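Heads up, the thing below is written out as structure tokens.
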Amino acid sequence: MAQEQEPKKKPNRVLPIILGIILIGGIIFGIKEYIYYGKHIDTDDAQIDADISPVVARVGGYVDSIFFEDNQHVEKNQVLVKLDDRDYKVKVEQASSAQKGASAGIGVGQSQIIATTANSSSARAEAESAAAKLEKADKDYARYANLVKDGSITQQQFDQAKSDRDVAEATYRAAQDQYKAALEQIGTSRNQLKVTDVGVTQRQADVDFAKLQLTYTTVKSPASGIASKKNIQIGQLVQAGQTLFSIVNDNSLYITANFKETQLTDMKNGQKVNVDVDAYPDLKVQGEVYNFAPATGAKFSLLPPDNATGNYVKVVQRIPVKIKITADKETMAKLRPGMSVNVSVIKD
């Protein structure tokens with residue numbers, strides 16, 4: 001008997017169809033990616049930043065009161081911490097007392113000027129009187145000198161006239177010296193008053209400084225925002241320069257995106273940016289390119305690389321780009337500094 005022929009196997013058409021679908025899908029995906037990256041510049045090396053103000057104690061002292069809790073929203077100039085101010089109030093009183101004493105010295109100095117001025121007037125009058133007496137004595141001496149020659153008067157009378165003239169001359173010189181001394185005393189008193197006035201100014205500066213130190217015992221919020229990282233407790237002794245807490249400022253959020261240097265060719269200020277927040281996948285955030293860092297991140301590092309030493313390996317550097325966030329208050333309230341984000345810059 002002739003052998004029966006085996007039926008031919010039908011070709012498997014499923015595999016080519018699957019491969020064809022994968023190929024078409026890949027082509028479509030590639031085209032979409034090409035079109036997308038032709039209009040967008042993406043990076044996932046980005047995070048949210050903000051202006052964080054550290055609040056530092058300007059004077060030392062014991063913490064008397066704390067008027068906020070960690071992670072609480074506070075307003076600008078709101079009193080948050082009060083230090084024990086008794087020592088500083090005493091310093092204000094001491095400075096005020098010294099200032100009052102110095103001010104009293106001005107009155108004494110003015111009285112001395114008035115007194116020395118009166119003395120100078122009296123000394124001037126005495127000098128003028130002495131000058132008149134000296135003039136009369138000179139005339140008497142000259143007249144007696146003529147009379148003694150022709151014997152009209154005795155030698156004794158002439159000697160008396162001469163003695164009177166000498167006395168009048170000495171008296172005049174003494175009065176002149178006294179008048180000069182009185183004038184010098186006025187100048188000295190005025191100089192002393194100037195010194196006293198300078199002392200009053202210095203004491204007033206001490207009062208102002210003591211009052212300023214007193215105001216520093218009341219610690220206020222430098223800006224509106226969320227207070228965090230509270231490092232103090234009631235009764236704790238703080239030193240001047242010690243950080244007490246920090247304020248994350250309201251409306252200061254922005255994004256720092258580290259783009260590769262090769263991605264900056266088509267980037268410029270004002271370009272629109274789409275932002276995806278890792279913590280909120282469904283949250284749509286918009287922004288715009290604000291400015292570019294003046295150097296790469298490596299140059300700002302603690303130990304920047306030196307390509308002039310060792311074996312050189314070229315590495316694509318990244319440059320920080322600041323992106324302003326344009327979102328409503330509700331959206332901004334969800335964002336926190338340090339959150340990771342993906343940014344996509346839309347090319348013009």
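The values are calculated or read from the model by the stated rules, or taken from the named source; none is laboratory data. Keep in mind that this is a model prediction, so the values were computed, not measured. FYI the Cβ positions are ideal-geometry reconstructions off the backbone, even for glycines, and counts take in every protein chain you see.
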Output yes when any residue across the stretch 289-309 is at pLDDT 90 or above and either on the phi > 0 side of the Ramachandran plot or more than 31 Å from the chain's Cα centre (by Cα) (or both), and no when none is. no
Of these, A50, A46, A98, which one is under 30 Å from D208 (Cα atoms) and not polar (S, T, N, Q)? A98
Need pairs with beta-carbon distance below 8 Å; first residue assigned to a loop (DSSP other than H, G, I, E, B) and within the stretch 305-316, second β-branched (V, I, T) and at pLDDT 75 or above; sequence gap 6+ or separate chains. V316/T262
Is it the case, given these coordinates, that L283 is modelled with pLDDT under 95 and over 37 Å from the mean Cα position of the chain (by Cα)? yes
Against the definition (closer than 30 Å to T296 by Cβ, of a type outside the set (A, V, I, L, M) and surrounded by fewer than 17 Cβ atoms within 10 Å (Cβ to Cβ)), how does E33 come out, yes or no? yes
Determine the pairs where a residue that is basic (K, R), located within the stretch 333-346, has a partner that is assigned to a strand (DSSP E or B) with Cβ atoms under 7 Å apart, the partner being 6 or more residues away or on another chain. K334/Y280; K334/L283; R336/I48
Exception for Q317 within (1) farther than 20 Å from D44 by Cα; (2) surrounded by 15 or more Cβ atoms within 10 Å (Cβ to Cβ) falls at (1)
From the list A227, A210, A205, A223, pick out the single residue that is within 22 Å of the chain's Cα centre (by Cα), modelled with pLDDT under 90 and closer than 30 Å to G60 by Cβ. A205
Where residues in the stretch 240-296 are part of a strand (DSSP E or B) and among the hydroxyl-bearing types (S, T, Y), which of them is farthest from I323 (Cα to Cα)? T243
Confirm whether V248 is more than 22 Å from Y62 (Cα to Cα) and surrounded by 15 or more Cβ atoms within 10 Å (Cβ to Cβ). yes
